[in-house]
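The block underneath contains the structure these notes are about, expressed in structure tokens.
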């Protein structure tokens, strides 16, 4: 190999390696949630697969930092995350919680939100980009930010906290909310017609025309 080719190859390798950066948790994350359950329940959460369920046992706690929150319900959610140790969760609180936003200025008052596991998103960026596009286009301007989640003191890594879409649209008087399932099925539908409203069948027909 000539000296010139060696120099070019070395520069290419340096350029490629500089594009890679190991993601590390900050030393003192500003938003850390913790779920405290029995060791048996922790083991069950880690080992369960392909099943969504509500986590409910006497004495369990859900905290933000060191502050206990009044938890109404927490359950595993999603599809792919249920196949792994680090699950995603749907959280419902008894009382709304103020959470600071990404820029440190905006604050969301949330009672229902999702904690989406980022363990299978190696760059921690795909969901962030998707939500950013929806926000920019005004399609789904949901509150979202990165947080850390722990179970019994063991970090589960970085999670994407997302405002519950159903709560958002109900608060903004949407009369038809549809969650799409596999093979374009209706996984969940809520219809609260206004007056004068659009018939439910019209919404469902429009969905079928799109998909």
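Quick note: the coordinates plus some simple rules give every number you see, no bench work behind them. Keep in mind that this is a model prediction, so the values were computed, not measured. Every residue, glycine as well, gets a Cβ built from its backbone with ideal geometry; the counts of neighbours run over all protein chains shown.
Key figures for this structure:
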| quantity | calculated |
| --- | --- |
| Translational D in µm²/s for the range 135-211 (Stokes-Einstein at 37 °C, 0.692 mPa s, Kirkwood Rh from C-alpha pairs) | 217 |
| Largest-first ellipsoid semi-axes for the range 24-92, taking √(5λ) over the Cα gyration tensor eigenvalues, angstrom | 20, 16, 12 |
| Calculated P(r) of the range 32-164 - Cα pairs past 26 Å, % | 20 |
| Residues 118, 60 arranged by fewest to most Cβ contacts within 10 Å | 60, 118 |
| Residue order, fewest to most beta carbons within 10 Å, for 34, 73 | 73, 34 |
| 75, 114, 70, 87 arranged by Cβ crowding within 10 Å, fewest neighbours leading | 70, 75, 114, 87 |
| Normalised contact order of the range 155-211, rounded percent, pairs of Cα under 8 Å and 6 or more residues apart | 22 |
